[in-house]
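Here is the structure we will look at.
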Amino acid sequence: MENGSCVRTKKLENYLDTGSLNLFARQIQDMLGNAISVAIHDSAGQLVWAGPDADSRKHWSVSPFLRQPVPGLGFCERLSNKNFVYVFYLGGGDSEHPMGTVSIQVNASHPMSLEFAYAEVAPVLACIERQLEINSELSSIRRVSKEGRRGLELLVKLDEIDDKEEAREQIPRMLELSAAHFDVELAAVLLPNLDIQDTWPANVLESESASKAVMTMLGSLMAAAKTHRRVLVSNANTTIRVVAGSKSQKPKVLCCPIMNSKDDVIGIFVLVGETPFSRDNIRLARAICVKLNSLARAASPFYNKHYTRHTLLNVIDRALQADQEQSHALLYVDIDRLHVINDNYGHLAGDAVIEHVRKVIDEFANKDDAVSHLSGDCFGLFLHGADEESALDKGRLILDTLARKPVTFEKVDMEISASIGVVLVPGVAKNSAAALNTAEMAARSAKGRGGNRCVLFQDADASVARRRTDLDQVNDLQYALIQDRFELHAQPIVSLRDTAGPARYEILIRMLDEHNNSESSASFIPAAERYQMMSAIDRWVIKSTLDQLSVADNTVEVNLTRFGINLSAQSLADDDLCDYIETCIVESGISPDSLCFEITETTVVRNLERARRFIRRLRKLGCMVALDDFGTGYCSFAYLKDLPVHYVKIDGVFVRDVLLNPLSEAIVTSMVEIAKVMNALTIAEHVENELIYRQMKNLGIDFVQGFAVGQPTPLATVLSQLGTPVVLDWDDDSSHASG
C-alpha cells in the first residue's frame with residue numbers, strides 16, 4: 001500500500017469510516033457464517049473500532065492476543081474465552097510496520113484454517129485497506145508554493161488590520177500593504193457609489209493635474225470593468241506614467257472588478273507597475289477584491305442621525321403629514337439573548353454587541369431613513385417610502401449580516417441574532433405611536449418563535465436511505481478514486497437577466513470503467529452513499545476541480561467565472577471538510593468566490609444547526625453557497641431563516657411540467673417570492689426546451705440550467721474555451737478594449 005506510511009504517522013482511527021466498516025463487518029459475518037465480531041487495532045495494539053454493532057466491543061474484553069508482526073498474512077489465536085481469533089495485517093504481513101490489524105472472532109465450535117478464512121474475506125480486507133489509502137491521500141496537505149505562501153501572508157496581514165477602525169480608514173492601509181507586496185508604483189480603489197477614491201501613494205492626488213489624470217484613468221477603467229465584467233490588463237500611456245511616477249516606458253495596469261453578492265460591479269481595484277502581472281498576482285488581486293467588497297458594505301454611507309424615541313416619533317408623523325398615500329415602514333430590532341451575553345461575558349461585551357448591531361443597522365439606512373436607539377437592546381429603523389417587500393428585504397439583510405459577522409470580545413466569538421418586527425405605515429398604523437407599539441408587538445412575536453427572524457405584523461406564518469451490498473461496485477469506486485478514473489464535466493448556468501454577466505457552471509462527476517467508458521453519477525452514487533464514500537468523492541471533486549482551475553491560464557480569474565460543487569450529507573457531517581476546502585483554495589491560489597458549494601435541502605433539514613454553521617464558515621472563507629433541490633426536502637419553509645445562502649436552485653420536478661401542471665407553476669412562483677425575501681437568486685434546474693425556458697423568464701427566475709441552454713461538457717474543454725483577457729490599449733485621450 002503506497003500511502004501506508006502516511007497512515008502510520010497519524011492515528012489510524014482518523015481514516016476509518018464507521019458506517020462502511022459496519023457494512024464490511026456484516027459481509028465478513030455472511031462470508032464466514034460463524035463470525036461473532038470484527039475489530040481493528042492500531043500498530044500499538046490499541047482497539048480503535050469494533051463492529052458491526054454497538055455491542056461488539058464487549059467481545060474484545062479478552063487477554064492480549066496481538067504480538068509482533070510475523071511473516072505471512074497474519075495468524076490464528078485461541079482467546080481466553082475459548083473462541084478463535086483470526087488476525088490479518090493492514091498493509092501486508094511482509095511489512096515490518098503494518099498500519100494495524102483486522103481481527104475476526106469466530107465461535108469456538110466452528111474453527112477453520114487461516115488460509116481458508118483469508119481466502120473468504122480477502123476482498124473485504126482489500127476494501128478496508130483501500131479506504132485507508134483514499135482517506136489518507138485526500139486528507140493530506142501539500143506544500144504551498146513560495147509565491148502562494150507570500151500571498152497568504154498578505155491576506156493574513158489584511159485581516160489583521162484593526163477592524164475597530166471605520167471601513168474607510170482601513171482601505172488606505174490595505175492599499176499600502178498591497179503596493180508593497182506587488183511592488184507597484186500605484187495602487188487604487190474606486191467605489192463611486194460610496195464616494196471612495198483612495199490611492200497609494202496618497203500624495204498622488206495632491207497635485208491637481210496628477211489627480212485629474214488618475215481620476216480620468218480610474219473612470220475609464222471603471223467603465224471598462226462594467227462593460228466587460230472581467231479582470232482587465234493593459235499597457236499604459238504617457239499620462240499614466242506621469243501619474244504613477246513610473247520609470248518604465250511601458251508600465252503595466254491590472255484592474256480587478258469589485259463585485260457584490262448579486263454580481264454587480266460596484267468598484268475596481270487597480271495596480272500600476274513596471275513588470276507584467278502573473279497568474280498568481282491576478283488570483284491574489286481577486287481575493288483582495290472579496291475583502292474590499294466586505295469593507296464596501298461596512299462603508300455604506302448613511303446620512304441619517306441617531307434619534308431619541310421622541311424625535312423618531314416626530315419624524316414618522318411628519319412623513320405621514322407630508323403624504324397620506326405614500327407607504328413607509330418601521331422596523332423594531334430587538335437583540336436576541338443580550339442578557340445571556342451580559343451574564344457570561346460582562347456588560348462591556350454587551351456594549352460591544354449593541355455597538356455592532358447599531359453599525360449593521362446604519363449600513364442599511366438610506367439618507368431619508370431614521371435610526372433610533374430605543375433602549376438597551378432595541379433599535380428602531382424608519383424606512384421612508386418603503387413597501388412591504390423592500391421592508392422585509394431590509395430586515396432579512398440585517399439578519400443575514402448579523403449572522404455572518406460574529407462579535408469578537410477578548411478573543412471570544414459571540415454569535416449575534418435579532419428579532420425584527422415590521423409594520424407598514426399608514427397601511428396598518430395611522431400614527432407614530434401606533435406604529436412603534438405595533439412593530440414592538442411583531443418583534444415579540446418573532447422572539448416568541450425562537451428569534452433570528454423578521455415578522456410582518458398580521459402576516460401569516462409561512463411555516464408550515466436504500467441498502468446496497470454489491471462489493472464489486474465498492475471495489476470499482478475505490479479503484480477509481482485511487483487511480484483517478486473519474487472525470488469532471490461542467491454544465492452551464494445561464495442568466496435570464498444579464499447576458500453579459502460572468503459565466504457559471506455546475507461541476508458534475510463521471511466514472512470511467514475499465515474500457516474508458518463514462519458512467520453517470522447515478523450508477524455509483526447509491527453505493528457510495530451506502531458505504532460512506534461520499535465524503536471521499538466530494539474531496540476528490542474539490543481537489544481535482546481546483547487543480548484544473550489553477551492551471552487554466554488565468555481564464556478563470558479574468559472572466560470571474562464561478563463553478564458550483566455539490567456537497568453530500570456525509571460531507572456536511574465531516575468536521576474537517578471546511579479546513580480541507582480552505583487548504584485546497586490556498587494551495588490552488590484560486591479566488592474563493594470562484595466556488596459555489598451546493599447543499600441539498602434534504603441534507604440541510606436533517607441537521608439544521610450543523611448546516612447553518614457550515615454555511616457560515618463557507619461564506620467566511622469567501623465562497624458562495626446554494627440551496628439545491630429546493631422544494632423537495634421539507635414541508636415548511638420556517639428553517640430558511642437560518643440559511644444565508646446566495647442561490648436557491650428549484651428542483652427539476654417542478655420545472656419539467658410547469659407548462660402542464662398549474663400547481664407546479666404556482667410552486668415555482670412562490671419559490672421566486674421566497675428567494676426574494678431571503679435576498680437570494682433563483683436557478684431553475686432541468687430546463688429542457690425553449691418553451692420552459694421562456695416560462696422561467698416570465699416567472700422571474702434569475703438563472704436556468706438544463707439541455708435547453710447547454711449540456712455537460714468536460715471541464716478541460718470548458719476552460720479552454722473561456723475568453724481571453726481583455727486588453728486595454730491606451731492612448732492620450734481615450735481607451736479601446738480588445739480581446
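Residues that are crowded, with 22+ Cβ neighbours inside 10 Å and over 22 Å from A439 (Cα atoms) do occur in the stretch 325-348. Pairs meeting the criteria (first residue in the stretch 628-647 and at pLDDT 80 or above, second residue assigned to a loop (DSSP other than H, G, I, E, B) and of a type in the set (A, V, I, L, M), beta carbons under 9 Å, at least 6 apart or on different chains) are P644/M678; P644/A680; V645/M678; V645/A680; H646/A680; Y647/A680.
Looking only at the stretch 508-541, filter to residues that are of a type in the set (G, A, S) and part of a helix (DSSP H, G or I); which one of those is nearest to C596 (Cα to Cα)? This residue is S535. From the set of residues in the stretch 585-594 that are assigned to a loop (DSSP other than H, G, I, E, B) and touching a Ser or Thr at 6+ places or on another chain (Cβ under 7 Å), which is modelled with the highest pLDDT? Top of the filtered list is I590. Here S261 qualifies as modelled with pLDDT under 80, closer than 29 Å to I354 by Cβ, outside the structural domain of I420 (by TED's automatic domain parsing) and in contact with a His (Cβ under 8 Å, 6 or more places away or on another chain). Taking the stretch 562-584 as the range and being at pLDDT below 90 and charged (D, E, K, R) as the test, the residues that pass are D574, D575, D576, D579, E582.
Going through the stretch 195-216 one residue at a time, which ones are assigned to a helix (DSSP H, G or I) and in contact with a helix residue (DSSP H, G or I) (Cβ under 6 Å, 6 or more places away or on another chain)?
Result: V204, L205, A210, S211, A213, V214.
Evaluating L284 against the criteria (1) of a type outside the set (G, A, S); (2) more than 24 Å from D195 (Cβ to Cβ); (3) modelled with pLDDT under 80 leaves one unmet condition, (3). As for the stretch 291-313, it holds at least one residue that is surrounded by fewer than 22 Cβ atoms within 10 Å (Cβ to Cβ), modelled with pLDDT of 85 or more, of a type in the set (A, V, I, L, M) and more than 30 Å from the chain's Cα centre (by Cα).
Can you tell me how many residues in the stretch 702-721 are of a type in the set (S, T, Y) and in a helix (DSSP H, G or I)? Even if it seems obvious, please write down each step before you answer.
Of the stretch 702-721, the ones of a type in the set (S, T, Y) are 713, 717, 720.
With the extra rule that they be in a helix (DSSP H, G or I), the set shrinks to 717, 720.
Residues that pass the stated criteria total 2.
Taking residues in the stretch 266-284 that are among the charged types (D, E, K, R), and partners anywhere that are part of a helix (DSSP H, G or I), the pairs with Cβ atoms closer than 8 Å and at least 6 places apart or on different chains are R279/E557; D280/E147; D280/G148; D280/G151; R283/G151; R283/E557. Restricting M112, M99 to residues that are of a type outside the set (F, W, Y) and crowded, with 23+ Cβ neighbours inside 10 Å narrows the list to M99.
Annotation: of all residues in the stretch 383-421 being surrounded by 16 or more Cβ atoms within 10 Å (Cβ to Cβ) and of a type in the set (S, T, Y), the one that is farthest from S327 (Cα to Cα) is S417.
Just one of the listed residues (E601, E673, E609) is among the acidic types (D, E), modelled with pLDDT of 85 or more and out of contact with any Pro (no Cβ under 8 Å at 6 or more places or on another chain), namely E673. Only one entry in A126, A117 is modelled with pLDDT of 85 or more, under 29 Å from E13 (Cβ atoms) and buried (at least 22 other Cβ atoms within 10 Å of the Cβ), namely A117. Selection of strands (runs of 3 or more DSSP E) fully inside the stretch 320-423 by the criterion of at least 3 residues being of a type outside the set (V, I, T) returns 328-335, 370-375, 378-383. Evaluate the following for P69: is it assigned to a loop (DSSP other than H, G, I, E, B), out of contact with any helix residue (DSSP H, G or I) (no Cβ under 9 Å at 6 or more places or on another chain), buried (at least 19 other Cβ atoms within 10 Å of the Cβ) and modelled with pLDDT under 85? Yes; evaluated as a whole, the condition is true for this residue. Scanning the stretch 16-49 for residues that are on the phi > 0 side of the Ramachandran plot and either surrounded by 19 or more Cβ atoms within 10 Å (Cβ to Cβ) or in contact with a His (Cβ under 9 Å, 6 or more places away or on another chain) (or both) yields one hit, G33. Taken over the stretch 679-701, the residue count meeting the criterion of being crowded, with 22+ Cβ neighbours inside 10 Å and either in a loop (DSSP other than H, G, I, E, B) or not assigned by TED's automatic domain parsing to the domain that holds D657 (or both) is 4.
Does I493 meet the test of being crowded, with 16+ Cβ neighbours inside 10 Å and in a helix (DSSP H, G or I)? So that I can check it myself, show each step before the final result.
Working: crowded, with 16+ Cβ neighbours inside 10 Å: yes; in a helix (DSSP H, G or I): no.
Considered against the rule, which asks whether it is crowded, with 16+ Cβ neighbours inside 10 Å and in a helix (DSSP H, G or I), I493 comes out as no.
The values are calculated or read from the model by the stated rules, or taken from the named source; none is laboratory data. What you see is a predicted model; the values in this text were computed from it and never measured. Neighbour counts run over all protein chains shown; Cβ positions are idealised from the backbone, glycine included.
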